[in-house]
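S.K.: Have a look at this one before I ask anything.
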Amino acid sequence: MNFLGIDIGSSSIKAALVKGDTLQPIGYAKSPEQEMDMIAHRAGWAEQDPEIWWKNLVVACQSLKHQFPAEYARVGTVGISYQMHGLVLTDMKLMPLRPAIIWCDSRAVAIGEKAFHELGNENCLSHFLNSPGNFTASKLRWVQENEPSLYFQARYALLPGDYIAARLTGEVHTTFTGLSEAILWDFINNKPAHSLFTYFDFNEDLFPKAVGSFGDQGSVLDEVATELGLPAGVKLGYRAGDQPNNAFSLGVMEPGQVGANAGTSGVIYGINDKLTYDSMSRVNSFAHVNHSADQTRIGVLSCLNGTGVFYSWVRKLVASGGGVLPDYSVLNDMAATIHPGSDHLKAYPFGNGAERLLLNQNPGGSFSGLNFNIHTPAHLVRATLEGIVFAMYYGMEIMSEMGMAPRSVRAAESNLFLSPLFRQMFADVTGAELQLVQTNGSLGAAIGGAIGQGHINQADWLSKLNTQYSIQPDTKRSQWYGDLYQNWKARIDLR
């Protein structure tokens with residue numbers, strides 16, 4: 001038996017086919033090749049059509065079938081990873097009533113802040129581990145206030161992964177981890193957050209019954225199996241938001257372990273065994289995939305909205321004038337010609353919506369200290385990479401205040417961590433050993449599905465995870481970066 005993993009991203013849908021006996025990838029597919037469209041009717045808004053996710057999921061799965069027909073015919077389980085914090089409103093037949101409001105949409109910031117203050121900061125943090133902020137519950141309240149007819153037509157309020165799971169199986173569930181990422185889970189009472197349902201005047205029936213991240217979550221419908229080219233009887237065994245799933249993919253499951261990701265957004269994700277929170281709610285705490293009433297496993301997440309998207313923007317800027325976009329390796333070579341500190345040019349990667357790290361402020365991205373006589377495009381590239389690492393480290397500092405001070409960080413060799421310069425810079429700035437692991441989100445989803453259906457156990461997976469290599473911080477550069485970081489931080493620190 002082989003395993004299929006599906007990763008519902010905001011840029012593309014990725015799929016992994018994993019060999020059942022070795023747990024090694026057979027192959028990958030993604031759709032589309034270019035980024036999926038995002039709808040932004042106003043500044044700070046971000047929406048996507050859920051049907052686009054499904055169409056690209058079908059293309060990715062059919063691509064795997066075409067590439068590996070014999071292995072694909074032996075798929076027995078599927079697992080799902082998905083972009084967190086989105087809102088999909090559907091009718092009884094699971095038809096979306098409007099485009100999904102996705103994770104980087106900022107329209108509900110004021111709603112969440114109002115709830116935070118009226119319900120009481122300490123009350124929210126102690127029970128939900130977060131402010132309601134700009135998460136799914138606040139986005140639903142926005143619909144309730146601004147599109148009341150759609151709200152009253154809705155039968156289900158789903159996270160993106162819940163929607164895809166329901167399309168696959170016909171069964172409508174959410175998960176305990178999903179309710180926590182929507183800020184609708186009460187950790188003290190270990191049940192849905194009824195006080196927040198009452199405050200927002202939500203119909204609790206909009207949110208389906210919660211199940212665990214791992215376990216039997218239904219069988220793929222026959223007609224859907226035909227559409228995806230799957231054999232009959234495939235079981236869904238796992239569902240998790242992208243960041244908890246990325247951590248699971250890296251083997252980050254136990255207290256003190258920390259993972260990092262630098263794709264569209266930049267994430268530091270560490271595990272705690274205590275119900276702790278940041279008093280200013282700049283980092284977020286959610287139920288991890290292995291959290292239960294008997295075992296506290298909280299994923300503490302620091303998220304910078306603009307990492308890869310900022311680097312992509314600079315890439316286009318460097319190629320302005322209609323030139324061919326340079327390969328990212330060319331950008332890295334350019335940056336390597338510039339000394340650390342970029343000759344006092346500082347980059348602030350806050351141009352992709354309201355930043356939780358900055359108390360939900362949206363200052364926009366910027367460069368500071370630009371000198372027209374000194375700075376070149378190579379300086380812009382170097383400063384961008386440094387600014388991204390500085391912002392990620394800012395989140396790590398907040399996590400350290402919560403008692404989490406990692407000596408090592410795991411990351412997959414993907415996205416910005418493909419860059420040797422970025423990897424070394426990350427180790428030097430954070431002072432932590434960086435361990436590169438060969439994995440990704442769709443692979444983790446496939447493994448999760450197999451665990452959920454009992455075909456393998458967690459120990460099987462962890463035994464297969466090997467660190468490709470480790471990068472040690474350079475002591476001298478770490479000291480040098482320490483001063484640069486303090487200077488960079490002075491402009492944005494809100495403590």
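The values are calculated or read from the model by the stated rules, or taken from the named source; none is laboratory data. Note that the structure is a prediction, hence the values are computed from the model and not measured. Note: ideal-geometry Cβ built from the backbone for every residue, glycine included; neighbour counts use all protein chains shown. These area figures cover heavy atoms from the full protein model, side chains too; ligands, DNA and RNA do not enter into them. Shrake-Rupley method; radii C 1.70, N 1.55, O 1.52, S 1.80 Å.
S.K.: Given the structure, is residue 150 in contact (Cβ under 8 Å) with a residue 60 or more places away in the chain, surrounded by 24 or more Cβ atoms within 10 Å (Cβ to Cβ) and of a type in the set (A, V, I, L, M)?
M.R.: no
S.K.: Restricting attention to the stretch 26-37, and to residues there that are over 17 Å from the mean Cα position of the chain (by Cα) and among the aliphatic types (A, V, I, L, M), which single residue is least open to solvent (accessible area, probe 1.4 Å)?
M.R.: In this case the residue turns out to be 29.
S.K.: Another one. Quickly run through the stretch 446-458 and pick out the residues that are open to solvent by less than 10 Å² (accessible area, probe 1.4 Å) and either in contact with a helix residue (DSSP H, G or I) (Cβ under 6 Å, 6 or more places away or on another chain) or among the charged types (D, E, K, R) (or both).
M.R.: Kept after step one, since they are open to solvent by less than 10 Å² (accessible area, probe 1.4 Å), are these residues of the stretch 446-458: 446-450.
Answer for the stretch 446-458, where residues must be open to solvent by less than 10 Å² (accessible area, probe 1.4 Å) and either in contact with a helix residue (DSSP H, G or I) (Cβ under 6 Å, 6 or more places away or on another chain) or among the charged types (D, E, K, R) (or both): just 447.
S.K.: Still on this model: Given the criteria open to solvent by less than 60 Å² (accessible area, probe 1.4 Å) and either among the aromatic types (Phe, Trp, Tyr) or at negative phi (or both), does residue 427 qualify?
M.R.: yes
S.K.: With the requirement that a residue be within 26 Å of the chain's Cα centre (by Cα), more than 30 Å from residue 394 (Cβ to Cβ) and touching a residue at least 60 places away in the same chain (Cβ under 8 Å), what does the stretch 455-495 give you?
M.R.: Result: 456, 458, 460, 461, 462, 464.
S.K.: Another one. Which fully enclosed strands (runs of 3 or more DSSP E) of the stretch 2-50 have 3 or more residues being more than 16 Å from residue 67 (Cα to Cα), in contact with a strand residue (DSSP E or B) (Cβ under 8 Å, 6 or more places away or on another chain) and of a type outside the set (Lys, Arg)? Steps first, please.
M.R.: Numbers: elements: 2-8, 13-18, 25-31.
Strands (runs of 3 or more DSSP E) meeting the threshold: 2-8.
S.K.: I would also like to ask the following. If a residue has to be in a loop (DSSP other than H, G, I, E, B) and open to solvent by less than 10 Å² (accessible area, probe 1.4 Å) to count, how many in the stretch 290-328 make the cut? Spell out the reasoning first.
M.R.: Here is the first cut: in the stretch 290-328, the residues in a loop (DSSP other than H, G, I, E, B) are 290-297, 305-307, 319-327.
Then drop every residue that is not open to solvent by less than 10 Å² (accessible area, probe 1.4 Å), which leaves 306-307.
Adding up the residues that qualify gives 2.
S.K.: Another question about this same structure. For residue 396, all conditions in the list (1) surrounded by 22 or more Cβ atoms within 10 Å (Cβ to Cβ); (2) farther than 17 Å from residue 478 by Cβ hold save one; what is the number of the exception?
M.R.: Answer for residue 396: the failing condition is (2).
S.K.: Kindly evaluate residue 214 against the criterion of being more than 21 Å from residue 123 (Cβ to Cβ), open to solvent by 20 Å² or more (accessible area, probe 1.4 Å) and in contact with a Gly (Cβ under 8 Å, 6 or more places away or on another chain).
M.R.: yes
S.K.: Kindly indicate the residue of the stretch 397-416 that is touching a helix residue (DSSP H, G or I) at 6+ places or on another chain (Cβ under 6 Å) and part of a helix (DSSP H, G or I) and also nearest to residue 348 (Cα to Cα) among those meeting that condition.
M.R.: It comes out as 416.
S.K.: Still on this model: Can you pull out every residue in the stretch 1-18 that is out of contact with any Asp or Glu (no Cβ under 6 Å at 6 or more places or on another chain) and surrounded by fewer than 17 Cβ atoms within 10 Å (Cβ to Cβ)?
M.R.: Listed by number, the list holds a single entry, 1.
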